[in-house]
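Read the structure below first, then the notes.
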Amino acid sequence: NIYLPSMIVFDLDDCLWTPEMHELPGYPDIPVQGYLNPSSDSSSSDDDDDEEEVGTIGMQVPRYKTTVKLYTGARRALRELVTNPNYKHIVIGVASTSLEPSYSHACIDGIEITKGVRLRDVITYDQIGRSGPFLTSRKT
């Protein structure tokens, strides 16, 4: 028998994605397109290959090149949780003591895990910011 957790909670800043929200020069609202499967070879030109699934891989701040993107390992883990039926009963949550919760939510709403499935679609619980029932105002 394989025992699986009932819930996995990912920390956001510098764990699931980079850069951290406090490092952004503004609100990230420009979708950045790219290969959704981290195993895709960007030099391949075969359009029929599902490995080359293209979608929103990051969110960019207007007038800047700063783009929030998932770490490759985090993208792989999330894709596995979303696509492998063995994990369909695992609840996914995210947490962050971000000083810019609206920036975090913009990225969650925009970044895709698979084509048409955004991070927001797979998250059941989120605790973002420095307020709420589980957090104090302490700095981490």
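Considering the stretch 70-84, the residues that are of a type outside the set (D, E, K, R) and more than 18 Å from Gly116 (Cβ to Cβ) include one that is least open to solvent (accessible area, probe 1.4 Å), namely Ala74.
For the stretch 18-36, taking the residues that are in a strand (DSSP E or B) and out of contact with any Leu (no Cβ under 9 Å at 6 or more places or on another chain), the one that is most open to solvent (accessible area, probe 1.4 Å) is identified as Gln33.
Taking the stretch 92-119 as the range and being farther than 18 Å from Cys15 by Cβ and either of a type in the set (Val, Ile, Thr) or open to solvent by 40 Å² or more (accessible area, probe 1.4 Å) (or both) as the test, the residues that pass are Ser102, Asp109, Thr114, Lys115, Gly116, Val117, Arg118.
The values are calculated or read from the model by the stated rules, or taken from the named source; none is laboratory data. Just so you know, these numbers come straight off a predicted model, no measurement behind them. Backbone-built Cβ (ideal geometry, glycine too); neighbour counts: all protein chains shown. Side chains are part of the model used for accessible areas, which takes the heavy atoms of the whole protein and leaves out ligands, DNA and RNA. Shrake-Rupley method; radii C 1.70, N 1.55, O 1.52, S 1.80 Å.
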